[in-house]
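Remarks on the structure that follows.
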Amino acid sequence: MKRIRLITAILLIVCVPVSSLSADAGAVLSEARSEFYRIESLLISDDLDSARIYFSGSDKSYSEIVRMISSLDLKTLTSPERADCLFILIMISLREPQYLSFDKVKLDYLAAIRDNIGQDEVKSALLGHIVYLSEFNYKIAADALVNELASAAGGKDLYCLIGEYAMEKGKPGVAFPFLAKYLSGVYESDGPEKCAEESKKIEEAFRTRGYGYFAGKFETTRLKIALEASSEPSGVINSIKERAASLYRQGSVSEALELYEIAYNAGADAKALITIGDIYFDGGKYELAMRRYQEYPGADENPEILFKIALCNRKMGENTAAYSLFKKIESGYKDSDYYDDALYYIGTLNKDAGLFEESEKYFEKLRSERPGSEYVTSQ
């Protein structure tokens with residue numbers, strides 16, 4: 001099974017057929033390719049011991065591949081063949097920089113692609129090369145090539161082509177950043193409405209293929225764009241909060257917080273502030289939680305917010321501040337849902353301070369005034 005995956009990975013490097021070269025040149029090209037792919041299969045499998053043994057027992061290592069390709073007159077090759085040869089040299093320059101300079105080979109490769117990007121075989125070769133680079137930890141090199149080619153190959157559309165190709169090959173992690181760049185280009189050239197429309201299509205494509213995680217990331221992108229484009233944002237804000245809640249349930253805390261912040265900033269949604277504070281509190285970031293609670297409109301007169309701020313103070317060891325807020329709820333908000341909470345924590349803080357008589361007074365008050373409280377029934 002592992003061998004099948006390796007073969008599939010190697011086939012991402014588009015192997016164009018050898019053209020009508022001379023017999024000798026054709027043999028050299030075929031041998032260079034065969035040797036390169038054999039080495040790649042060992043490296044991709046992380047079978048480094050086998051790779052070292054192979055290198056030590058063969059004179060056809062990288063230096064020999066470079067020598068074989070250098071012996072060819074690249075001008076006599078077809079455009080796809082030339083691109084494939086130069087890609088092999090790019091990979092060698094990345095794997096073993098002492099043999100070749102990536103910057104030099106890159107220029108030759110870009111020239112070969114740029115001059116013939118309109119040819120389907122050349123474009124197919126390029127897509128395979130970029131996906132291969134991206135998948136096997138050479139994303140920076142892939143980006144360097146694509147960014148320089150984009151203007152010559154339809155700008156943002158090249159990012160879309162690469163993303164679609166990667167998705168067809170079952171590589172959603174490779175596809176995502178290229179499709180995200182495509183959407184950025186659409187946004188700049190066609191505006192937020194068109195960008196939201198394209199993002200929806202991409203999201204559905206990922207979901208249809210079973211890539212729910214990446215579909216969700218594009219849903220987040222789409223909602224952000226839709227909010228900016230909407231003249232009536234309330235519906236979009238609700239959708240953003242629903243998405244944020246879903247992300248939080250999945251454990252994507254930072255993404256959920258980002259969306260709740262967007263919802264609050266877009267619509268001054270005070271409830272979003274409470275949720276943001278709760279997320280920070282659950283994550284142990286009590287000072288950040290308290291700051292968000294304190295921003296709630298009328299926080300000083302809201303027993304729920306006073307209680308949450310008091311809990312933050314208690315978690316941070318600020319028991320005097322916490323006690324004061326619990327007392328405020330006890331004295332001023334007897335009819336609130338937080339009255340029994342306040343009595344319980346006042347009693348607990350007194351107990352922690354060694355004031356047992358005072359503590360028992362509040363626990364007795366809790367039992368008599370709120371006999372149905374969970375603090376009483378759970379005892």
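The values are calculated or read from the model by the stated rules, or taken from the named source; none is laboratory data. Only a predicted model underlies this, so the values are computations on that prediction, with no experimental measurement involved. Positions of Cβ are backbone-derived with ideal geometry, glycine not excepted, and every protein chain shown enters the neighbour counts.
Data table
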{"read-out": "The range 337-352 residues that are without any contact (Cβ under 8 Å) to a residue 40 or more places away in the chain, paired with ones that are of a type in the set (Asp, Glu) and assigned to a helix (DSSP H, G or I) (beta carbon under 7 Å, 6 or more apart)", "value": "Tyr338/Glu304; Tyr339/Glu330; Ala342/Glu330; Leu343/Glu330; Ile346/Glu330; Asn350/Glu358"}
{"read-out": "Residue in the range 140-155 that is loosely packed, with under 14 Cβ neighbours inside 10 Å and modelled with pLDDT of 90 or more present", "value": "yes"}
{"read-out": "Conditions (1) assigned to a helix (DSSP H, G or I); (2) within 19 Å of the chain's Cα centre (by Cα); (3) small (Gly, Ala, Ser); number of the one not met by Gly170", "value": "(1)"}
{"read-out": "Residue check, Asp300 exposed (fewer than 15 other Cβ atoms within 10 Å of the Cβ) and either within 27 Å of Ile346 (Cβ to Cβ) or of a type in the set (Asp, Glu) (or both)", "value": "yes"}
{"read-out": "Pairs, first without any contact (Cβ under 8 Å) to a residue 24 or more places away in the chain in the range 78-94, second of a type outside the set (S, T, N, Q) and not in a helix (DSSP H, G or I), C-beta under 9 Å, six or more apart", "value": "Leu89/Tyr99; Leu89/Leu100; Ser93/Tyr99; Ser93/Leu100"}
{"read-out": "Residue within the range 67-79 that is in the same structural domain as Ser30 (by TED's automatic domain parsing), at pLDDT below 85 and over 22 Å from Ala27 (Cα atoms) present", "value": "no"}
{"read-out": "In the range 273-315, the residues that are in a loop (DSSP other than H, G, I, E, B) and farther than 20 Å from Leu343 by Cα", "value": "Gly283, Gly284, Lys285, Glu295, Tyr296, Pro297, Gly298"}
{"read-out": "Pair list, Cβ < 7 Å and 6+ apart or interchain, from the range 209-234 residues that are within 12 Å of Leu247 (Cα to Cα) and free of Cβ contacts under 8 Å to residues at least 60 places away in the same chain to residues that are buried (at least 19 other Cβ atoms within 10 Å of the Cβ) and among the hydrophobic types (A, V, I, L, M, F, W, C)", "value": "Lys217/Phe176; Thr220/Leu259"}
{"read-out": "Enumerated helices (runs of 4 or more DSSP H) restricted to the range 70-164, each holding at least 2 residues that are over 26 Å from the mean Cα position of the chain (by Cα) and polar (S, T, N, Q)", "value": "79-95"}
